[in-house]
Amino acid sequence: MLLSRSIPFASIWRPFPVYLIVQASWFAGFGLQTALFPFLSANVLHVSPELLSIAQMTLTAPAVILIFFGGVIAERADRRALLIILHFLALVPPLVLAALIFQDKLSYLALICFGLAMGSISAIVMPTRDAALNAVAKYSKGLSVQRAVVWASVAQFGAQILGMGLAAAAANTLGPGVLIVVEAIIIGIGGLAALALPRLKNGNETTATASPEGALQIATTILPPQTSTWAQIREGIDAVRNSPIIRSMTVLMMGVGVFVLGSFFVLLPVLVRDEYHGGLRELSLLYLAFWSGALIGVTMLATFGHVHQPGRALLLSLLGSVAALFSMAMAIPFWAFLIVMVLWGIAAGVIISMSRSIVQDSAPADKLARVLSIFQFGFLGGAPIGTLAIGFIIGALGPRTAALVPMTGLLITVLWLALFTPIVSFTHEEAKKPDD
């Protein structure tokens, strides 16, 4: 099926800045959601840590199944068209949830359905957007993959800060229902911005399609697969398994998903509610501090330029995350905890940027989306495990003592990475493509 449409104004836009707008819109909405979803669970519905962990798990659990297919779809289809469709599809869950809040019909089941819906859409958006970055970067002369990833991270973290800042500033005025509608509007803006992107073809095609009048064509063509979907997934898995660098990074991301995301999405809301006796404003401030630190981290990377040994920067930042998790076990004042969150965010900004650039530089071009989907599977596949487990650990040990469990797990993962993988000595100049 071919559905094409000419957009004359698309040719006047530079693809990379437009891509950053698309990226920012999604993560600004995500920033609002990050603060609102646990607040609705913990402070509005007053659920237990165990039920909170189950609700948070729904945001990442769909990725365990769907992200593999998302990588295959992203390689077969026009990624630009997918971004447009997925952004507009993502308007439905928040608008439905907002309607329930306005009618005082919010329930735990409604939150579960919202989480599953948004988690399913995100599982396809992520590999599509990340694979599109390489294609978009080709339109900008002198822009390396690493710098493109860094600037994309700047847009991501900056947008999340705006979303969480809005949640903190408007928590007591607009209310959660209006803020969720704002989330939908922001995501919709990204879908509109994606209309100005050129057609982003699959890994075997490198150029945009232009009409004789100079207009870029939009197509939702699903390219005929050369092999079956499962065979293509296996090829992606083989590419990861055969690369010591990508294999190590995928295992690392699973460790981060298990040990960090659970603490971030479940332990923090419980600490705010039970230890600091706060609400949406305090939770939003903590998340705002974290993503402000992340923005500082990626801005430093963008300012200082190319990192020759990203593996070492990655390891040092992971140790910073270990220290941040340890601080959660300490009864420190809230203002001190905010400072810790900023420092943790700086470390996280480096971790996210360096890990993505390492994988994107090491992956074969014709399997890029599939490799990225498997890499993200490590992260998102570990997240439901960690998110579910930490809720029950908190219920058994209390939030302070529970923080020591993910801290120990992440420390063991970092030691493994440093002692038994080639990440420490990795340089982008030495990255080898399997198909070279």
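The values are calculated or read from the model by the stated rules, or taken from the named source; none is laboratory data. From a predicted model like this one, the values you see are computed outputs, not experimental measurements. When we count neighbours, we look across all protein chains shown, and the Cβ atoms used for this are built from the backbone with ideal geometry, even at glycine.
Observations on the model:
- Among (1) of a type outside the set (A, V, I, L, M); (2) within 22 Å of the chain's Cα centre (by Cα); (3) modelled with pLDDT of 80 or more, the one test that Glu275 misses: (2)
- Cβ pairs under 7 Å, 6+ apart, first in the range 375-399 and without any contact (Cβ under 8 Å) to a residue 24 or more places away in the chain, second buried (at least 24 other Cβ atoms within 10 Å of the Cβ) and of a type outside the set (Phe, Trp, Tyr): Ile393/Ala402
- Here Leu252 does not qualify as modelled with pLDDT under 85 and within 30 Å of Leu162 (Cβ to Cβ).
- Residue that is surrounded by the fewest Cβ atoms within 10 Å (Cβ to Cβ), among those in the range 244-284 that are small (Gly, Ala, Ser) and in a helix (DSSP H, G or I): Ser248
- Residues located in the range 159-196, provided they are crowded, with 22+ Cβ neighbours inside 10 Å and over 19 Å from Arg80 (Cβ atoms): Ala159, Gln160, Ile161, Gly163, Met164, Ala167, Pro176, Leu179, Ile180, Glu183, Ile186
- Checked across the range 81-103, the condition of being in a loop (DSSP other than H, G, I, E, B) and under 19 Å from Phe30 (Cα atoms) holds for at least one residue.
- Yes/no for Ala347 being within 30 Å of Phe69 (Cβ to Cβ), of a type in the set (A, V, I, L, M) and in contact with a helix residue (DSSP H, G or I) (Cβ under 6 Å, 6 or more places away or on another chain): no
- Complete set of residues in the range 363-404 that are part of a helix (DSSP H, G or I), more than 22 Å from the chain's Cα centre (by Cα), surrounded by fewer than 20 Cβ atoms within 10 Å (Cβ to Cβ) and not charged (D, E, K, R): Phe392, Gly395, Ala396, Leu397, Thr401, Leu404
- Options Gly391, Gly378, Gly398: the member that is out of contact with any Ser or Thr (no Cβ under 8 Å at 6 or more places or on another chain) and of a type in the set (Gly, Ala, Ser): Gly398
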